[in-house]
């Protein structure tokens, strides 16, 4: 059993204030949160925090805002259980507990100077938004940027206004797809993998960044490998396995790795042979 160093402060939630909430869909709600004293979270894109509803419990939630946003941070939370249902009942002015940030995120230093292909399926846009906005805020540090977004239906698309702004940029190429269209939808209909063959890229300088539901990874990675992107340049997030954030409960353990400490972001070559990773 590997030993994980833990600071005492990582056990104690910091009482933090909800500044703003916004209903995104029937099941997703956006929260803007400030730490005590307006201290910045100082997270990496791809990291997560543990959010406590006092008297109810806590849940691991991906940070959805870029580290370039100072003084507060954003979480987009899906209502799926007791803790998240309690969170959805909270509004601006209410308090929550925050532990973290935890885990290893996307290393922006490694990505700098390279082309980026973002592939986000469903709720995968939530953590990936942090990295996308970091890249946009530091646009000169990166090469070509392609963003592929997929969801079940148009009404399930998150951050619509922001996605529209990304689409208007001349230095970003964006394409969206849905599994099932409505009469107003003008975009692509089909699986997100159908968008990848049409992307022109230089595999030697392209990093593929993939976040989405578990079933998506295998098929998206197959398409990226067909594009000759090296395995070490395909980044995935396995945050769905996390629970305590401290490597103590073992819930996120995959063979010799703890997703909450060694990840949640991994390169494909490091996990491709681990049973249950993908």
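Taken along its principal axes, the alpha carbon cloud of the stretch 17-176 reaches lengths of 47, 35, 23 Å, longest axis first. For the stretch 156-250, the square roots a ≥ b ≥ c of the C-alpha gyration tensor eigenvalues yield an a/c of 1.5 or more together with a/b not exceeding b/c, which makes the shape oblate.
Would you please give the FRET efficiency between residue 202 and residue 255, computed as 1/(1 + (r/R0)^6) with r the Cβ-Cβ distance and R0 = 22 Å, to the nearest 0.05?
Approximately 0.05, to the nearest 0.05.
Semi-axes of the equivalent ellipsoid of the stretch 197-266 are 28, 12, 9 Å, computed as sqrt(5λ) over the eigenvalues of the C-alpha gyration tensor in descending order. As an equivalent ellipsoid, the chain spans semi-axes of 29, 23, 18 angstrom, where each value is the square root of five times an eigenvalue of the C-alpha gyration tensor, largest first.
Mean-square fluctuations from a GNM of the chain, with a 10 angstrom spring cutoff on Cα atoms, peak among 36, 127, 183 at 183. Under 8 Å for C-alpha pairs, at least 6 residues apart: give me the relative contact order for the chain, rounded to a whole percent. The normalised contact order for the chain reaches 17 percent. Here the calculated FRET efficiency for residue 228 and residue 42, from their Cβ-Cβ distance with R0 = 41 Å, stands at 0.65, rounded to the nearest 0.05. Axis angle, to the nearest 10 degrees, between helix 125-137 and the longest C-alpha principal axis of the chain: 70 degrees.
Between residue 180 and residue 194, the contour length at 0.36 nm per residue exceeds the alpha carbon distance by 3.6 nm. A Gaussian network model of the chain, with springs between Cα atoms under 10 Å, assigns the largest mean-square fluctuation among 191, 149, 158 to 191. Using the Cβ-Cβ distance between residue 162 and residue 27 with R0 = 22 Å, the FRET efficiency computed as 1/(1 + (r/R0)^6) comes to roughly 0.75. Length gained on full extension, residue 114 to residue 95, computed as 0.36 nm times the residue gap minus the Cα-Cα distance: 2.8 nm. Over all Cα atoms in the stretch 64-128, the spread is summed up by Rg and Dmax: 15.0, 43 Å. Computed over the stretch 8-102, the P(r) tail beyond 24 angstrom holds 10 percent of alpha carbon pairs.
Size of the stretch 108-271: Rg and Dmax of its alpha carbons, in Å, are 15.9, 49. Once the Cα atoms are used to define both axes, helix 214-226 deviates from the longest principal axis of the chain by about 40 degrees.
Readers should treat all values here as calculations from the given coordinates under stated rules, not as data from a laboratory. Everything numeric here is computed off the predicted structure, so don't read it as measured data. Neighbour counts are summed over all protein chains in view; Cβ atoms, including those assigned to glycine, are modelled from backbone coordinates with ideal geometry.
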